[in-house]
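A.B. asks: The structure that follows is given in the form of C-alpha coordinates.
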Amino acid sequence: EPEVTQTPSHQVTQMGQEVILRCVPISNHLYFYWYRQILGQKVEFLVSFYNNEISEKSEIFDDQFSVERPDGSNFTLKIRSTKLEDSAMYFCASVLTGQYNEQFFGPGTRLTVL
Amino acid sequence: DQQVKQNSPSLSVQEGRISILNCDYTNSMFDYFLWYKKYPAEGPTFLISISSIKDKNEDGRFTVFLNKSAKHLSLHIVPSQPGDSAVYFCAAPGKGNQFYFGTGTSLTVIP
(Lines give C-alpha, C1' and ligand atoms only; values in the text may rest on other atoms or scores of the structure.)
Protein backbone atom coordinates (compact mmCIF):
# COMPACT_ATOMS: atom_id res chain seq x y z
CA GLU A 1 0.00 0.00 0.00
CA PRO A 2 1.45 3.41 -0.93
CA GLU A 3 2.46 5.60 1.96
CA VAL A 4 3.92 8.99 2.75
CA THR A 5 7.46 8.80 4.08
CA GLN A 6 9.42 11.37 6.05
CA THR A 7 13.06 11.76 6.93
CA PRO A 8 14.65 12.08 9.34
CA SER A 9 12.49 10.64 12.07
CA HIS A 10 14.22 12.81 14.65
CA GLN A 11 16.26 15.96 14.11
CA VAL A 12 18.14 17.76 16.86
CA THR A 13 19.50 21.20 16.09
CA GLN A 14 20.87 24.27 17.79
CA MET A 15 18.81 27.44 17.93
CA GLY A 16 19.51 29.63 14.92
CA GLN A 17 20.47 26.75 12.65
CA GLU A 18 18.68 25.87 9.44
CA VAL A 19 16.87 22.57 9.12
CA ILE A 20 15.31 20.82 6.16
CA LEU A 21 12.62 18.25 6.74
CA ARG A 22 11.97 15.86 3.89
CA CYS A 23 8.85 14.12 2.71
CA VAL A 24 8.04 11.79 -0.15
CA PRO A 25 4.30 12.02 -0.82
CA ILE A 26 2.29 9.29 -2.50
CA SER A 27 3.33 9.35 -6.12
CA ASN A 28 0.08 10.24 -7.90
CA HIS A 29 -1.07 12.75 -5.32
CA LEU A 30 -1.35 16.37 -6.31
CA TYR A 31 -1.76 18.33 -3.08
CA PHE A 32 0.82 18.44 -0.33
CA TYR A 33 0.74 19.77 3.19
CA TRP A 34 2.83 20.39 6.25
CA TYR A 35 1.38 20.32 9.73
CA ARG A 36 2.99 20.51 13.11
CA GLN A 37 2.05 19.32 16.55
CA ILE A 38 3.68 20.85 19.59
CA LEU A 39 3.77 18.36 22.44
CA GLY A 40 0.37 18.10 24.08
CA GLN A 41 -1.29 20.43 21.63
CA LYS A 42 -3.42 20.06 18.53
CA VAL A 43 -2.23 19.36 15.03
CA GLU A 44 -1.81 22.72 13.31
CA PHE A 45 -1.86 23.47 9.61
CA LEU A 46 1.25 25.18 8.25
CA VAL A 47 1.03 25.23 4.47
CA SER A 48 -0.57 23.61 1.45
CA PHE A 49 1.14 23.25 -1.91
CA TYR A 50 -0.33 22.56 -5.32
CA ASN A 51 0.97 22.88 -8.84
CA ASN A 52 4.40 23.92 -7.60
CA GLU A 53 3.23 26.80 -5.52
CA ILE A 54 1.83 27.57 -2.10
CA SER A 55 -1.95 27.61 -2.14
CA GLU A 56 -2.60 28.39 1.52
CA LYS A 57 -0.48 29.14 4.55
CA SER A 58 -1.21 29.81 8.18
CA GLU A 59 0.03 32.58 10.45
CA ILE A 60 2.64 30.18 11.79
CA PHE A 61 4.23 29.91 8.34
CA ASP A 62 6.24 33.13 8.46
CA ASP A 63 9.34 34.18 6.53
CA GLN A 64 11.45 31.65 8.41
CA PHE A 65 9.63 28.83 6.65
CA SER A 66 9.74 27.76 3.03
CA VAL A 67 8.62 24.74 1.05
CA GLU A 68 9.90 23.24 -2.12
CA ARG A 69 9.22 20.33 -4.41
CA PRO A 70 12.66 20.16 -6.00
CA ASP A 71 12.45 17.05 -8.12
CA GLY A 72 8.85 15.89 -8.55
CA SER A 73 9.01 13.37 -5.74
CA ASN A 74 10.40 15.09 -2.64
CA PHE A 75 8.56 17.80 -0.75
CA THR A 76 10.66 19.73 1.74
CA LEU A 77 10.06 22.12 4.59
CA LYS A 78 12.93 24.44 5.44
CA ILE A 79 13.16 26.41 8.64
CA ARG A 80 15.79 29.07 8.08
CA SER A 81 16.74 30.00 11.62
CA THR A 82 15.21 27.69 14.18
CA LYS A 83 13.78 28.91 17.46
CA LEU A 84 13.14 26.96 20.64
CA GLU A 85 9.41 27.14 19.98
CA ASP A 86 9.83 25.36 16.65
CA SER A 87 10.34 22.14 18.60
CA ALA A 88 7.45 19.93 17.53
CA MET A 89 6.41 16.95 15.44
CA TYR A 90 6.16 17.92 11.81
CA PHE A 91 3.81 15.92 9.63
CA CYS A 92 3.70 15.88 5.88
CA ALA A 93 0.47 14.88 4.16
CA SER A 94 -0.71 14.39 0.63
CA VAL A 95 -4.05 14.00 -1.05
CA LEU A 96 -4.97 12.82 -4.50
CA THR A 97 -7.20 15.67 -5.50
CA GLY A 98 -10.23 17.66 -4.44
CA GLN A 99 -11.55 18.67 -1.10
CA TYR A 100 -13.32 15.48 -0.14
CA ASN A 101 -10.44 13.11 -0.11
CA GLU A 102 -8.78 12.21 3.14
CA GLN A 103 -5.21 13.31 3.58
CA PHE A 104 -2.56 10.63 4.00
CA PHE A 105 -0.05 11.52 6.65
CA GLY A 106 3.56 10.56 7.03
CA PRO A 107 4.94 9.29 10.35
CA GLY A 108 6.35 12.68 11.25
CA THR A 109 9.72 14.20 12.04
CA ARG A 110 10.38 15.13 15.63
CA LEU A 111 12.33 18.40 15.64
CA THR A 112 14.12 19.33 18.84
CA VAL A 113 15.69 22.78 19.00
CA LEU A 114 18.22 23.26 21.80
CA ASP B 1 -9.23 30.40 16.71
CA GLN B 2 -10.39 26.92 17.63
CA GLN B 3 -12.79 25.99 14.87
CA VAL B 4 -12.89 22.32 15.86
CA LYS B 5 -12.99 21.38 19.51
CA GLN B 6 -12.67 18.18 21.42
CA ASN B 7 -13.42 18.93 25.03
CA SER B 8 -12.49 15.57 26.50
CA PRO B 9 -8.74 15.06 26.50
CA SER B 10 -9.06 11.44 27.61
CA LEU B 11 -11.50 8.58 27.86
CA SER B 12 -11.23 5.11 29.41
CA VAL B 13 -13.57 2.31 28.42
CA GLN B 14 -13.79 -1.36 29.25
CA GLU B 15 -13.14 -3.78 26.40
CA GLY B 16 -16.38 -4.76 24.67
CA ARG B 17 -18.22 -1.61 25.71
CA ILE B 18 -19.04 1.42 23.59
CA SER B 19 -16.60 4.31 23.22
CA ILE B 20 -18.12 7.68 22.38
CA LEU B 21 -15.82 10.47 21.33
CA ASN B 22 -17.24 13.94 20.86
CA CYS B 23 -16.34 16.89 18.70
CA ASP B 24 -17.84 20.35 18.29
CA TYR B 25 -17.24 22.89 15.57
CA THR B 26 -17.94 26.57 15.21
CA ASN B 27 -17.75 27.15 11.46
CA SER B 28 -21.15 26.51 9.89
CA MET B 29 -19.49 26.44 6.46
CA PHE B 30 -17.83 23.12 7.22
CA ASP B 31 -19.56 20.44 5.19
CA TYR B 32 -17.28 17.47 5.58
CA PHE B 33 -15.76 15.92 8.65
CA LEU B 34 -13.18 13.25 9.25
CA TRP B 35 -11.92 11.24 12.16
CA TYR B 36 -8.28 10.33 12.37
CA LYS B 37 -6.60 7.90 14.72
CA LYS B 38 -3.05 8.40 15.89
CA TYR B 39 -0.71 5.99 17.62
CA PRO B 40 2.43 7.29 19.37
CA ALA B 41 5.33 7.98 17.00
CA GLU B 42 3.08 7.66 13.96
CA GLY B 43 1.19 10.09 11.78
CA PRO B 44 -2.60 10.36 11.91
CA THR B 45 -4.42 7.72 9.87
CA PHE B 46 -7.85 8.21 8.38
CA LEU B 47 -10.65 6.35 10.08
CA ILE B 48 -14.04 7.50 8.85
CA SER B 49 -15.69 10.56 7.36
CA ILE B 50 -19.13 12.08 6.98
CA SER B 51 -20.59 14.60 4.62
CA SER B 52 -23.02 17.20 5.91
CA ILE B 53 -25.77 15.78 3.71
CA LYS B 54 -25.83 12.76 6.02
CA ASP B 55 -26.36 12.45 9.73
CA LYS B 56 -24.76 9.04 10.11
CA ASN B 57 -22.03 7.00 8.48
CA GLU B 58 -21.12 3.51 9.53
CA ASP B 59 -18.05 1.41 8.80
CA GLY B 60 -17.81 -1.80 10.73
CA ARG B 61 -17.39 -1.06 14.41
CA PHE B 62 -17.13 2.67 13.76
CA THR B 63 -20.08 5.01 13.34
CA VAL B 64 -19.97 8.76 13.06
CA PHE B 65 -23.04 10.85 13.86
CA LEU B 66 -23.48 14.44 12.75
CA ASN B 67 -25.87 16.93 14.33
CA LYS B 68 -25.63 20.02 12.17
CA SER B 69 -27.99 22.15 14.22
CA ALA B 70 -25.84 21.58 17.29
CA LYS B 71 -22.59 21.70 15.29
CA HIS B 72 -21.64 18.47 16.94
CA LEU B 73 -20.32 15.13 15.79
CA SER B 74 -19.48 11.97 17.61
CA LEU B 75 -17.61 8.79 16.89
CA HIS B 76 -18.95 5.56 18.32
CA ILE B 77 -16.79 2.46 18.55
CA VAL B 78 -18.66 -0.73 19.33
CA PRO B 79 -17.38 -3.03 20.66
CA SER B 80 -14.22 -1.33 21.84
CA GLN B 81 -11.01 -3.35 21.61
CA PRO B 82 -7.62 -2.81 23.28
CA GLY B 83 -6.12 -2.09 19.83
CA ASP B 84 -8.41 0.93 19.59
CA SER B 85 -6.34 2.65 22.28
CA ALA B 86 -4.99 5.73 20.52
CA VAL B 87 -5.55 9.45 20.19
CA TYR B 88 -8.56 10.34 18.04
CA PHE B 89 -8.78 13.61 16.20
CA CYS B 90 -11.76 15.06 14.43
CA ALA B 91 -10.98 17.33 11.51
CA ALA B 92 -12.73 19.46 8.94
CA PRO B 93 -11.35 20.78 5.65
CA GLY B 94 -11.31 24.50 5.14
CA LYS B 95 -10.01 26.81 2.46
CA GLY B 96 -7.30 25.26 0.32
CA ASN B 97 -8.17 21.87 1.80
CA GLN B 98 -6.22 22.65 4.94
CA PHE B 99 -7.57 20.57 7.78
CA TYR B 100 -8.64 22.07 11.06
CA PHE B 101 -7.97 19.54 13.75
CA GLY B 102 -9.36 19.22 17.23
CA THR B 103 -6.99 18.79 20.15
CA GLY B 104 -7.60 15.05 20.27
CA THR B 105 -9.07 12.59 22.73
CA SER B 106 -6.84 9.86 24.11
CA LEU B 107 -8.84 6.64 24.28
CA THR B 108 -7.73 3.81 26.53
CA VAL B 109 -9.56 0.51 26.20
CA ILE B 110 -9.03 -1.58 29.27
CA PRO B 111 -8.83 -5.35 28.68
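The values are calculated or read from the model by the stated rules, or taken from the named source; none is laboratory data. Treat the numbers as computed from the prediction; the structure is a model and nothing was measured. Virtual Cβ from ideal backbone geometry, glycine too; neighbours counted across all protein chains shown. Remember, those area values only see protein heavy atoms, side chains included, never the ligands or the DNA or RNA. Shrake-Rupley method; radii C 1.70, N 1.55, O 1.52, S 1.80 Å.
A.B. asks: Quick one: is residue B:46 in a loop (DSSP other than H, G, I, E, B), open to solvent by less than 80 Å² (accessible area, probe 1.4 Å) and either touching a residue at least 24 places away in the same chain (Cβ under 8 Å) or under 19 Å from residue B:65 (Cβ atoms) (or both)?
C.D. replies: Numbers: in a loop (DSSP other than H, G, I, E, B): no; open to solvent by less than 80 Å² (accessible area, probe 1.4 Å): yes; either touching a residue at least 24 places away in the same chain (Cβ under 8 Å) or under 19 Å from residue B:65 (Cβ atoms) (or both): yes.
So residue B:46 does not fit the description; no.
A.B. asks: Considering only region B:1-17, I want to know if a residue exists there that is of a type in the set (A, V, I, L, M, F, W, C), open to solvent by 20 Å² or more (accessible area, probe 1.4 Å) and in a loop (DSSP other than H, G, I, E, B).
C.D. replies: No - not one qualifying residue is present in region B:1-17.
A.B. asks: Let me ask something else. Of the numbered conditions (1) buried (at least 20 other Cβ atoms within 10 Å of the Cβ); (2) among the polar types (S, T, N, Q); (3) not in a strand (DSSP E or B), residue A:48 satisfies every one except a single condition; which is it?
C.D. replies: The single condition residue A:48 does not satisfy is (3).
A.B. asks: Further, regarding this structure: Need the failing condition index for residue A:36 against (1) in contact with a Ser or Thr (Cβ under 8 Å, 6 or more places away or on another chain); (2) of a type in the set (Lys, Arg); (3) within 13 Å of chain B (Cβ to nearest Cβ), just the number.
C.D. replies: Residue A:36 satisfies all of (1) in contact with a Ser or Thr (Cβ under 8 Å, 6 or more places away or on another chain); (2) of a type in the set (Lys, Arg); (3) within 13 Å of chain B (Cβ to nearest Cβ) except (1).
A.B. asks: Considering only region B:55-99, give the strands (runs of 3 or more DSSP E) lying wholly within it that have at least 2 residues that are modelled with pLDDT of 95 or more and away from chain A (no Cβ under 14 Å).
C.D. replies: Values: elements: B:56-59, B:62-67, B:72-77, B:86-93.
So the answer is B:56-59, B:62-67, B:72-77.
A.B. asks: Return the residues of region A:57-114 that are open to solvent by 10 Å² or more (accessible area, probe 1.4 Å), of a type in the set (Ser, Thr, Tyr) and either within 16 Å of residue A:5 (Cα to Cα) or not in a loop (DSSP other than H, G, I, E, B) (or both); say none if nothing qualifies.
C.D. replies: Residues satisfying the conditions are A:66, A:73, A:76, A:112.
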